[in-house]
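What follows is calculated from the coordinates using simple rules that are stated; it is not laboratory data. Values in this document were obtained by computation on a predicted structure and should not be read as measured data. Cβ sites come from the backbone with ideal geometry, for glycine too, and all protein chains shown count toward neighbours.
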Amino acid sequence: MKIATAELEAALDRLLLADANALDSKDMPGWLANYAEEDGASYYCRAAENTEHNLELGFMFDDCRARLEDRVTYVTEIWAGTFQDYRTRHFVQRVSHCQVDASTAEAVSNFSVFMTPMDTGVTQVLAAGRYLDKVRLSENGGAKFLSRRAELDTSVLPRYLVYPI
Amino acid sequence: MADAPLAWPKNYNEVPKAAFTRTDLYAEEIKRIFHGPEWHPIAHESELPNPGDFRTVRLAGIPLLISRDDCGEVRVFYNACSHRSNQLETAVMGNKTEFECPYHRWLFSAKGELVGCPNPREFLPGFDKADYPLGQPRFELFYGLIFVTFSPETESLDQFLGQAGETLRELMAGDGRLKLLGYQKVRYDSNWKGYNDNDGYHAPLLHAAFKMLNWQGGKGRQYTATKRGHVCFESALSVASGPSVLKDKDLIAFKGQDPSVGSRIVQLFPTFVSTKHLDVINLRFATPIDAETTEVHYAYFAHQDDDEEMVRHRLRQSSNLLGPCGLISMEDASIFHRIHIGSHTPGNAIFQKGVRDPGKLESEFSQNDESGNLPRWEYYRSVMGFERAEA
């Protein structure tokens, strides 16, 4: 069934903002909750430079739900207390979208992420790029990521990453 | 020389923290080390597998162009037009058999010959295109790993590598027939020596993952090679056993054919680090950007004989295990930054683990000894001409 444009846009934007909010709040379970509960749910983060040269390797390669769940464990348990923490602010802007079938939509959004390390307090740009999303739509107007690929224009990161982008 | 020589402590296990932070030393390091008689790995030839493939990199500021001509031969050039030194190629990688400088339309072949330039009659009398090929640094290949040096004095690459060559060969799958999987690139807020002093070297206590995954390190040795103190680690394969907090166990699985090869790390003076861990083959090309910044390009590889499933496994493991956000290396990255900040305090950094006699240098170490870094520091001190205090 084709969903009305305004309704689809609202559902996609709610998801985009929920993800930005979860990441900026360092709420990893909240981040995971934005992904569809399907084995194939995935998140990738990689330099667009790699993609353009058919190189699949990325900074983060979570190609199944189990890996998404593991990423929550990395951040909340395994790495706890070892890194210099930093705040992030994600700015997201949907630039195109389409409905693929009754339960699937695709969306492309621009993003920029500021970071402020807690120790220096000096704000810098962490990364800029595009999200290429495949979204699972539910009948009650809900939307979850089936697949999200953060394609970074920033091929050289200004620091190591703890949180997904 | 820099403002004032650095006073070096008498004990071999002490390094003045000012070595990491005195920005006036940096220009001298560039001259004596990066532009001096040292070999620097800049890429593996498998990063440009096809005729016409090229890559550009900068090493300590120097722009380089690596190209493979249509006969398959790899060469290294300065990435600057032989006319007025305009940057010749701007792409990081691509495929081209000719390179044109847009400024005055000088055209170069992938062999570096000047093959065309408009209006040569207006040039100096006797102008001959044959006199204007692209400039080249000395370069040599070792199992496909491309090294350059900017000094005519540098000894042969084999001499430079010494014993480390054998470990490096094993690390590159034994034959160097690699297949590129991709890059992770990052800048660290760390002096290049702070990066090099803390990458490669293992601090198991730092990594909670090892304990949480019931992952004991394999038994192994650490040794240093040549007067430069290249550090090599050879250890038996170790895999995590018992209950694990990970739901996707493939991240830390070994699916390779030859468990006897185990883990390898080779760290060459001044900045190169490489590792083979589980099924990850990772070459880290690092360069100083300035006295407080080091850029590292982590390049990951499969082997040319891998089947599709193995390539997939390496891709999944490489992306998430090592590198600037890897499960067992993100913490290392944070140490590069924190060591650099902490080194802006008076006194010396003091190495403890594995040091038996502060008045002596050794070349065989246990796996997690800090003392493996000390021969390299002694070489650095001597190259920089700093006097060690008398005992």
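Points to keep in mind about this one:
- Taking a point 7 Å from the Cα of B:ASP305 along the Cα-to-Cβ direction, the residues of the range B:249-263 with backbone N closer than 17 Å to it are B:255-262.
- For chain B, a Gaussian network of Cα nodes joined below 10 Å ranks B:MET310, B:MET172, B:MET212 by mean-square fluctuation, and the top entry is B:MET212.
- Residue with peak Gaussian network fluctuation, chain B [Cα springs, cutoff 10 Å], from B:ILE62, B:ILE265, B:ILE42: B:ILE62
- The range B:1-34: trypsin sites (Lys or Arg not before Pro) in DSSP loop, at most 11 other beta carbons within 10 Å: B:LYS10
- Within the range A:16-121, GluC sites (Glu not before Pro) in DSSP loop having at most 14 other beta-carbon neighbours inside 10 Å: A:GLU37, A:GLU38
- Shape class of the range A:4-79 from the alpha-carbon gyration tensor: oblate, with a/c at 1.5 or above and b/c at least as large as a/b.
- With Cα atoms as the point set, the protein assembly as shown shows a radius of gyration and Dmax of 25.0, 85 Å.
- The range B:121-209: C-alpha gyration tensor shape, a/c 1.5 cut-off, then a/b vs b/c: prolate
- Fully extended contour minus Cα-Cα distance, from A:VAL72 to A:THR116, at 0.36 nm per residue: 13.7 nm
- Pairs with C-alpha atoms separated by more than 29 Å, drawn from the list A:LYS26/B:LYS353; B:LYS249/B:LYS276; B:LYS96/B:LYS227; B:LYS111/B:LYS193; B:LYS227/B:LYS255; B:LYS111/B:LYS255, are A:LYS26/B:LYS353; B:LYS96/B:LYS227; B:LYS111/B:LYS193; B:LYS227/B:LYS255; B:LYS111/B:LYS255.
- Most mobile listed residue (B:ALA91, B:ALA209, B:ALA291) in chain B, GNM with C-alpha springs under 10 Å: B:ALA91
- FRET efficiency estimate (nearest 0.05) - Cβ-Cβ, B:TYR103 to B:ALA389, R0 51 angstrom: 0.45
- Summarising the amide proton neighbourhood of A:LEU55: residues at separation of 5 or more, or on other chains, whose placed amide H is nearer than 5 Å comprise an empty set.
- At an R0 of 51 angstrom, the distance between the Cβ atoms of B:GLU364 and B:ASN95 translates into a FRET efficiency of 0.65.
- Over the C-alpha trace of the range A:105-165, radius of gyration and Dmax come out as 14.7, 46 angstrom.
- Counting only Cβ charges, +1 for Lys and Arg and -1 for Asp and Glu, the dipole size of the protein assembly as shown around its Cα centre is about 680 debye.
- Gyration tensor verdict on the range B:1-139 (Cα atoms; rounded if a/c is under 1.5, prolate if a/b is larger than b/c, oblate otherwise): prolate
- Calculated from backbone phi, Karplus (6.51, -1.76, 1.60) coupling profile of the range A:69-77 in Hz, x at Gly/Pro: 5, 4, 5, 4, 5, 3, 6, 7, 10
- Antiparallel DSSP beta bridges within chain A, as percent of all bridges there, nearest 5: 85
- A cysteine counts as unpartnered when no other cysteine's C-beta lies under 4.7 Å of its own; in chain B this applies to B:CYS71, B:CYS117, B:CYS232, B:CYS325.
- The string of couplings for the range A:78-87 from the Karplus curve (6.51, -1.76, 1.60, θ = phi - 60°) is 5, 8, 3, x, 9, 10, 7, 6, 8, 8 Hz, one whole number per residue in order, with x for Gly and Pro.
- Rg over Rh, two decimals, the range A:5-152 (C-alpha only, Kirkwood Rh): 0.96
- Chain lengthening between A:ASP24 and A:GLN93 when straightened (0.36 nm per residue, less Cα-Cα): 23.3 nm
- Considering helices alone, the calculated mean residue ellipticity of chain B at 222 nm is -5000 deg cm²/dmol, with DSSP H runs of length four and up weighted by -39500 (n - 2.57) and normalised per residue.
- Calculated [θ] (222 nm, deg cm²/dmol) that DSSP helices of n ≥ 4 give over chain A, each run adding -39,500 (n - 2.57): -7000 deg cm²/dmol
- Since only B:CYS101, B:GLY359, A:PHE111 are under comparison, the one whose Cα sits farthest along the positive direction of the charge dipole of the protein assembly as shown, derived from C-beta charges on Lys, Arg, Asp and Glu, is B:GLY359.
- Backbone phi angles across the range B:284-301, fed through the Karplus curve with coefficients 6.51, -1.76 and 1.60 (θ = phi - 60°), yield HN-Hα couplings of 10, 8, 10, 9, x, 9, 8, 5, 10, 9, 10, 9, 10, 9, 7, 9, 10, 9 Hz in residue order; Gly and Pro are listed as x.
- Test item: B:351-360 mean partner chain Cβ contacts at 10 Å: 0
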